[in-house]
Amino acid sequence: MKFEKALVTGGAGFIGSHLVEELVKNNVKVLVVDNLLTGKKSNIDKLENVEVIYDDLGSDESLKIIETFNPDICFHLAAQSSVVISVEDPLLDFEHNLLQPIKLLQKLMITDCKKFVFSSSGGTIFGEPNVIPTSEKDYAGEPASPYGVAKKKLNEFIMLMLDNQKMSYSILNLANVYGPRQDPHGEAGVMSIFTGKMLNNEIPIVYGDGKQTRDYIFVTDVVSALIKSSEIDENLFLNIGTSKETTVNELVSLIGSITSWEGQPDYKPQREGELLRSVLNNEKAKKSLDWEPEYNLNRGIEELVNWFKSE
Ligand SMILES: NC(=O)c1ccc[n+]([C@@H]2O[C@H](COP(=O)([O-])OP(=O)(O)OC[C@H]3O[C@@H](n4cnc5c(N)ncnc54)[C@H](O)[C@@H]3O)[C@@H](O)[C@H]2O)c1
């Protein structure tokens with residue numbers, strides 16, 4: 001890897017802990033800052049060569065330690081990561097998803113940090129898409145949740161604040177990420193929720209008619225995109241998804257067949273503000289990063305099911 005010292009915010013969370021694991025494997029010295037809002041100590045406490053601050057990334061104490069650590073690169077994954085909670089408590093969302101990250105950016109700009117890699121959200125920063133799969137230039141309409149607003153605004157702050165600075169940025173608009181260690185209450189928790197329920201022989205709930213679509217990408221593929229994007233000096237704004245659309249009903253039957261679950265889901269009324277279709281065109285990322293997703297849904301779900309069984 002091109003860098004020696006990495007700051008990972010949200011490193012005790014689902015995606016963050018997979019990234020930290022990969023960095024450590026490559027002998028990178030890592031500083032994690034995580035306030036355990038949704039993260040878990042057990043996700044990273046067995047890893048060596050990792051310094052951890054369990055605190056808000058925007059606290060005076062954390063910012064002081066970050067300045068002293070003087071990272072070569074920052075992977076910013078910390079977030080209040082639930083769309084539903086952002087609707088219930090917009091102030092909490094604003095605090096963690098916009099205010100504290102801006103404090104972090106200001107601090108990093110006075111260190112030697114050369115790259116800021118942000119995990120933004122491809123499924124929430126715009127409205128119902130007109131073009132499927134949706135490319136970076138097809139984004140249309142406004143976000144339907146405080147979570148989406150904060151992610152979109154942070155994208156804009158990063159572009160403004162880092163324009164022509166010595167620290168460049170990679171903004172990665174992630175699709176619905178899934179894999180081991182995902183908290184079932186998170187943004188794409190449906191995969192974990194369904195798998196957990198089916199393995200326990202319980203009935204999963206589907207909101208709406210199950211025909212709504214999403215773009216599900218396995219966490220290992222996201223980690224490789226994060227790392228590849230960190231090694232490119234230019235500013236990047238990329239979709240990280242699979243370009244493949246999957247309905248919730250298809251997901252139920254796929255997970256059902258892999259877990260040998262037989263039955264029908266419990267259909268409940270559709271939730272307000274949910275997009276009907278969401279799938280990201282990944283052509284630009286493929287070219288810019290020389291990257292492509294290696295996991296199809298079958299392989300990813302099999303790994304997820306094996307992880308559930310081993311837990
Ligand atoms: N999982 C997905 O499908 C998905 C999709 C698009 C974008 N993202 C984004 O990717 C990032 C990682 O998501 P995840 O699924 O791993 O979620 P996660 O909830 O598992 O991880 C977020 C981590 O940030 C920590 N955190 C929250 N606020 C903090 C703060 N102020 N200071 C320090 N730590 C803080 C939490 O404790 C948690 O460990 C998030 O920014 C999320 O919005 C995720």
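For this structure, a couple of remarks:
- Only residues that are touching a Cys at 6+ places or on another chain (Cβ under 6 Å) and surrounded by fewer than 15 Cβ atoms within 10 Å (Cβ to Cβ) were counted across region 1-58, and they come to 0.
- Scanning region 262-311 for residues that are on the phi > 0 side of the Ramachandran plot and either open to solvent by less than 90 Å² (accessible area, probe 1.4 Å) or outside any loop (DSSP other than H, G, I, E, B) (or both) gives Gly263, Gly273.
- Filtered by the rule that a residue be within 19 Å of Ser278 (Cα to Cα) and hydroxyl-bearing (Ser, Thr, Tyr), region 202-250 gives Tyr207, Thr213, Tyr216, Thr242, Ser243, Thr246, Thr247.
- Checked against the criterion of being at pLDDT 95 or above, hydroxyl-bearing (Ser, Thr, Tyr) and under 15 Å from Val190 (Cα atoms), region 287-303 contains not a single residue that satisfies it.
- Taking region 87-100 as the range and being near the ligand (Cβ under 8 Å from one of its atoms) and closer than 28 Å to Thr213 by Cα as the test, only Asn97 passes.
- Residue check for Lys114: basic (Lys, Arg), at pLDDT 95 or above and surrounded by fewer than 22 Cβ atoms within 10 Å (Cβ to Cβ): yes
- Enumeration of residues in region 1-14 that are touching a strand residue (DSSP E or B) at 6+ places or on another chain (Cβ under 6 Å) and closer than 19 Å to Leu172 by Cβ: Phe3, Ala6, Leu7, Val8, Thr9, Gly11
- Residue selected from region 244-261 under the condition part of a loop (DSSP other than H, G, I, E, B) and open to solvent by 60 Å² or more (accessible area, probe 1.4 Å), by the criterion nearest to Glu302 (Cα to Cα): Ser260
- Thr134 falls short of the stated requirement of being touching a Gly at 6+ places or on another chain (Cβ under 6 Å) and either without any contact (Cβ under 8 Å) to a residue 24 or more places away in the chain or at negative phi (or both).
- The lone exception for Thr124 - which of (1) crowded, with 16+ Cβ neighbours inside 10 Å; (2) more than 14 Å from the ligand (Cβ to nearest atom) it fails: (2)
- Between Lys103, Lys107, the distinction of being open to solvent by 40 Å² or more (accessible area, probe 1.4 Å), within 10 Å of the ligand (Cβ to nearest atom) and farther than 30 Å from Arg277 by Cβ belongs to Lys103 only.
The values are calculated or read from the model by the stated rules, or taken from the named source; none is laboratory data. Note that this is a predicted model, so its numbers are computed, not measured. Methodologically, a virtual Cβ is constructed for each residue, glycine included, from the backbone with ideal geometry; neighbour enumeration extends over all protein chains shown. Note: areas computed on protein heavy atoms with side chains; ligands, DNA, RNA excluded. Shrake-Rupley method; radii C 1.70, N 1.55, O 1.52, S 1.80 Å.
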